[in-house]
Amino acid sequence: MKNYDLVVVGGGPAGMAAAVAAFDAGVKNILIIERDTKLGGVLNQCVHNGFGLTRFKENLAGPEYAEKFSDEVEKRDIDVMLSTMVLEVGADKTVTAMNSEYGVFTLKPMAIILAMGCRERSKGALNIAGARSAGIYSAGTAQRYVNIEGYLPGKNVVILGSGDIGLIMARRMTLEGAKVHAVCEIMPFSSGLKRNIVQCLDDFGIPLYLNHTIVDIQGKERVTGVTIAEVNPVDKKPIKGTEIHFDCDTVLFSVGLIPENELTKNAGIPMSPRTKGAIVNQYRETDVEGIFACGNVLHVHDLVDFASEEAEIAGRSAYEYISGKLNKEKTVNLINGANIGYVLPQKITVPSGDVKVFFRVTNVFKNVTFKVKDGDEVVISKKKLTVAPGEMETIVLKSDLLSANKSGNITIELEAQND
Amino acid sequence: MYDILVIGGGVVGGMILRELSRFNAKICLLEKESDVAMGASRANSGISHAGFDAKEGSLKAKFNVLGASMMPKVTEELGVKYKNNGSIVVGFNDEDMETLQGLYERGLKNGVKGLKIIDQQELRTLEPNISDDAVGALFATTAGIVCPYELAIASIGNAMDNGAELKLNFEVDKIETGEYFTVTSKDGQVVKAKYIVNSAGIYSDKIAGLIGDNSFKIGARKGEYILLDKESGNFVNHTLFFCPTKKGKGILVSQTVDNNIILGPTATEQDDKDDVTTTADGLNDVIASANKLCKKVPVFNSITSFAGLRAYSDRHDFIIEKSALNDKFYNVAGIESPGLTSAPAIGDFIANEVAKDLNLNKKDNFNPTRKADYFFKNLTNEEKNAVIKKIPEYGKIVCRCESITLGEILRAIRENPKATTVDGIKRRTRAGMGRCQGGFCQPVIVSVLAKELGIPYEQVTKSGKGSEINVGRTK
């Protein structure tokens, strides 16, 4: 088999953008390995629009957004291997994969970009009591049945979790003639984008039950009903007497996305418990030199536009690494302070250019001040009216501010009154 | 006309069928569900018990010790995963340690080898995550873990490869006695046989009742479980029990053969013999008990929870005997724990008894082995490549969490006993049993099933009629 300089694991939006950026930067021998039968990843089943608004100033459907990038891949001399599963990534920069044509084979590129994406948290992770009959799906599985296979998994639906896929599927199932009785959310706020709450629930009169969860699922062969109940906002335990029953044949779960990092963990790459992805520097390079990560395998993005942007950083950095230009003299650690869930990257190597830092807040807040600190000293202060965990925040750290860092740490924190 | 009918396709019926298939006889298994291994064999702890629990002289003691000794060879022949991991009964106070001493002595009387009482220090070395309150334990080195549904499926498959027949969706409704038995199903199918073995699990009292034998009653005891991701697969190494009480062995924490961790079961007696739902109280009980046995059980890593029903009889021992009303009708009932462990020995015993009665000869060409490719992912790369070269479908991974290939899924559909449902494929291959619980692979498996079975996509079921996964086409 051919020797590659760069292997990209995953041909979704992140993998494609990374490969294209690496090629344009100067890497000439690139292979994308994709487990599915075509490039595009989960975008292929996201037939709704709303993609590309930031990047292309166009309102695209998922497959259209994917096609923009697969066209770019095709235009370049980038090899693509489809229906191929990567079984193992080694810290010595080996990639072992398998497909029907070549069997099991191992590659030893100079750099690797991990772009495996994420998967949905399943119902099983929640230990919800009741039946395990047909009619229980994760929202993404239902989306695949409807949009790819062309079949309707049910007609009377209750959805647990108000993440974006749950919201999108509430609308999609309604458009297909199903009745969506309720969307329940255990938190006091939705983790989905505001525009999706409006366009997918409000516009169709679908009720959103905040602080509610499913306490029982009934049915033998097929689901016949669910019972939901209000939860105590502190301990999240159901409150007796608040139960509401719905007759339904389908329950969808949209209860979070988990970066799919089995390969990363098995390679021994240090992980962040907060993002559930690898710890990276501003180049999206993991703690193993020459192995990069980007897209939803690194942290779950709100918009694919941001995943593409991040992937391009990884792609260009892979070129810099291969050509020996990644200069790292000093490391500054980025720390999530008060009311901040995570920051990414978790470290910045200096010298650097300006670095755009991504972070999430832990709760819904109003009238907030973000503070960036070098040790105890506040170096940036920025006000904002409202923030929510569902919307990613960014802040740019200027090159000179980074070089001037004294404490070795930069902390980002939020001052606010709880909403 | 069959020589022998076995009613009930669980692990006990399966092992009986397999042992019967050694003989020249026309045999058939009747199963009311859409697949085999749908009752207690579908959802239990999967433990091959050492044999110190059962009272000396009981059938449980006899078949347990015998079955445990047969398990390594049987599982090897049938290509079923088995691991001799050893079990540990944990003591928390002096009273417990006395109980353990009693179990130790009973074990010796039952003929169990490899038993020893260990102190706190040794216990902590063996199981670093054991509760700080544990003071000592009984260590049984011969105990093991085995996959219960896999053993049932493989034994039935092996019997079928040796000529046995299987009738699924055959719910026995009527048995007429006479010179021979005439058995009618709920939907009107009729089969005749000279001999019947009743191994119908929680319904075995009902089946015996069809010939007027009401000599025993079978109750259903629900057991709820939580399964943890293989990422936590080494949380414990052995099977950990509390000291047994009157209600049974209690909640255990154990590794499974597939390197998950299993927590459970609860033990709730119930009248409804079909209700396998989990309950909030039951799952909370599992978590609380597991956390008494071990420190900081990683429940956050749970991938599923489920419940199964175990049969128990009003005689508190196995019922393995000819019906008093008909000497051609064998009852094998009330096979509660240690039923899985005992199954190979029960199968062997029943087959030989029936063969004697019917004067059967052994086949010359009985093939005891069933080559499973459940182990594909454990092959070396060279071995994998050899398989892929011959059958390219083995190069295509369908279930990414458990690394299950299209080749394995096709084989599950084509090989005895043939999978016809999504759950049937899951039990045979593990596709859909990983951390995403089928989220990614289920739509693919549905399309493979539709194609292989030659049925429309929307008619593919999770687990038999009424459990169709899709309700129709989109607009």
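The values are calculated or read from the model by the stated rules, or taken from the named source; none is laboratory data. Keep in mind it's a predicted model, so treat the numbers as computed, not measured. Positions of Cβ are backbone-derived with ideal geometry, glycine not excepted, and every protein chain shown enters the neighbour counts. These accessible areas exclude ligands, DNA and RNA; they are computed on the full protein's heavy atoms, side chains included. Shrake-Rupley method; radii C 1.70, N 1.55, O 1.52, S 1.80 Å.
Gyration tensor over the Cα atoms of region B:138-280: the corresponding equivalent ellipsoid has semi-axes (square roots of 5 times the eigenvalues, largest first) of 36, 20, 15 Å.
From other protein chains only, count the Cβ atoms within 10 Å of every residue's Cβ in A:80-92, then give the mean.
On the way: counts 0, 0, 0, 4, 3, 7, 2, 5, 0, 0, 0, 0, 0.
Across the residues of A:80-92, the mean count of other-chain Cβ atoms within 10 Å is 2.
For chain B, just say rounded, prolate or oblate: build the C-alpha gyration tensor, square-root its eigenvalues into a ≥ b ≥ c, call rounded for a/c under 1.5, and beyond that prolate if a/b exceeds b/c, oblate if not. Oblate shape, in that a/c is at least 1.5 and b/c is the bigger or equal ratio.
For a quick protection proxy, order the peptides B:159-165, A:11-17, B:284-290 by their average other-Cβ count within 10 Å, most packed first. Each step should come with its number before you reach the end.
Numbers: B:159-165: 20.4, A:11-17: 30.7, B:284-290: 18.6.
Answer by packing, highest mean first, reads A:11-17, B:159-165, B:284-290.
Calculate the dipole size of region B:320-420 relative to its Cα centre from +1 charges on Lys and Arg beta carbons and -1 charges on Asp and Glu beta carbons; express the result in debye to the nearest 20.
Values: 16 positive and 14 negative charges, 111 e Å.
In total the dipole reaches around 540 debye.
Kirkwood hydrodynamic radius of chain A, from the reciprocal of the average inverse Cα-Cα distance over all distinct pairs: 22.6 Å.
For peptide A:260-270, what's the mean number of Cβ atoms from other chains within 10 Å of each residue's Cβ?
On the way: counts 5, 0, 7, 0, 0, 1, 0, 0, 0, 0, 0.
Mean shielding by partner chains, rounded to a whole number: 1.
What Kirkwood Rh does region A:42-196 have if only Cα atoms enter the pairwise 1/r average? Answer in Å. Intermediate results must be reported in sequence, preceding the final value.
Values: mean 1/r = 0.0536 Å⁻¹.
This gives a value of 18.7 Å.
With q set to 0.19, 0.21 Å⁻¹, the log10 of I(q)/I(0) for region A:177-319, from the Debye formula over equal scatterers at the Cα positions, is -1.06, -1.17. A simple packing score, the average count of other Cβ atoms within 10 Å per residue, orders the peptides B:248-257, B:400-409, A:384-393 as B:400-409, B:248-257, A:384-393, with the highest score first. Beta bridges assigned by DSSP with both partners in the protein assembly as shown are antiparallel in approximately 70 percent of cases.
Of the beta bridges in region A:160-262, as assigned by DSSP with both residues counted there, near 70 percent are antiparallel.
Could you order B:Ile117, B:Ile207 so the one with the most accessible surface comes first? Probe is 1.4 Å.
On the way: B:Ile117 65, B:Ile207 15 Å².
The residues order as B:Ile117, B:Ile207, largest area first.
Summed over all non-identical Cα pairs, the Kirkwood treatment of the protein assembly as shown gives a radius of 29.5 Å.
Distances longer than 16 Å among the Cα atoms of region B:376-459: what percent of all pairs is that? Before the final figure, lay out each step's value.
Numbers: 1721 of 3486 pairs.
That tail contains 49 percent of the Cα-Cα pairs.
Modelled spin-label separation between A:Asn333 and A:Glu58, with each label point placed 7 Å from Cα along the Cα-to-Cβ direction: 4.5 nm.
Which shape class, rounded, prolate or oblate, goes with region A:122-255 when its Cα gyration tensor gives a ≥ b ≥ c as root eigenvalues, a/c under 1.5 marks rounded, and past that a/b bigger than b/c marks prolate? Here region A:122-255 falls in the oblate category. Taking the DSSP beta bridges with both ends in chain B, the antiparallel portion is around 75 percent. Given an 8 Å cut-off on Cα distances and at least 6 residues of separation, report the relative contact order of chain A as a percent. The value is 16 percent.
Adding -39500 (n - 2.57) for every DSSP H run of four residues or longer, then dividing by how many residues chain A holds, sets the calculated 222 nm ellipticity at -5500 deg cm²/dmol.
By the rule of a second cysteine Cβ within less than 4.7 angstrom, the protein assembly as shown holds isolated cysteines at A:Cys46, A:Cys118, A:Cys184, A:Cys200, A:Cys248, A:Cys294, B:Cys28, B:Cys147, B:Cys243, B:Cys294, B:Cys401, B:Cys436.
For B:Glu122, A:Glu377, B:Glu336, B:Glu353, give me the order by solvent-accessible area with a 1.4 Å probe, most accessible first, ignoring ligands, DNA and RNA. Each step should come with its number before you reach the end.
Numbers: B:Glu122 70, A:Glu377 90, B:Glu336 25, B:Glu353 45 Å².
From most accessible down to least: A:Glu377, B:Glu122, B:Glu353, B:Glu336.
When the Cα positions of A:Gln282, B:Ala159, A:Ala170 are compared along the charge dipole of the protein assembly as shown, B:Ala159 comes out farthest toward the positive end, with charges on each C-beta of Lys, Arg, Asp and Glu. Ranking B:Val197, A:His245, B:Thr99 by how far each Cα lies toward the positive end of the dipole of the protein assembly as shown (charges on Cβ) leaves B:Val197 at the top. Computed with every protein chain present, the accessible area of B:Lys328 is close to 90 Å² [probe 1.4 Å].
Based on Cα atoms of region B:231-293, Rg over Rh with Rh as the Kirkwood radius reads 1.00.
Rg of the Cα atoms in region A:329-419, relative to 2.2 N^0.38 Å, amounts to 1.04. Within 10 Å of the Cβ of each residue in B:427-437, the mean number of Cβ atoms contributed by other protein chains is 3.
For region A:237-311, which trypsin sites (Lys or Arg not before Pro) pass both filters: DSSP loop (anything but H, G, I, E, B) and at most 11 other C-beta atoms within 10 Å?
Values: sites: A:Lys240, A:Lys265, A:Arg274, A:Lys276, A:Arg284; in loops: A:Lys240, A:Arg274, A:Lys276, A:Arg284.
Filter output for region A:237-311: A:Lys240.
Taking the Cα centre of the protein assembly as shown as reference, the dipole from Cβ charges on Lys and Arg (+1) and Asp and Glu (-1) amounts to some 720 debye. Of the whole protein surface, B:Asp314 contributes about 80 Å² of accessible area at a 1.4 Å probe radius.
Placing unit charges on each Cβ (+1 for Lys and Arg, -1 for Asp and Glu) gives region B:272-413 a dipole about its Cα centre, and among B:Gly407, B:Pro392, B:Ser305 the Cα reaching farthest toward its positive end belongs to B:Pro392. Under a model in which nothing but the beta-carbon of Lys, Arg (+1) and Asp, Glu (-1) is charged, region A:122-255 shows a dipole of about 180 debye around its Cα centre. Working from label points 7 Å from Cα in the Cα-to-Cβ sense, the B:Lys273 to B:Asp173 distance is 1.6 nm. Within the assembled protein chains, the solvent-accessible surface assigned to A:Met116 is about 20 Å², based on a 1.4 Å probe. Checked against a 23 Å cut-off, the cross-linked pairs B:Lys194/B:Lys217; B:Lys328/B:Lys418; B:Lys55/B:Lys246 give Cα-Cα distances beyond that limit for B:Lys194/B:Lys217; B:Lys328/B:Lys418.
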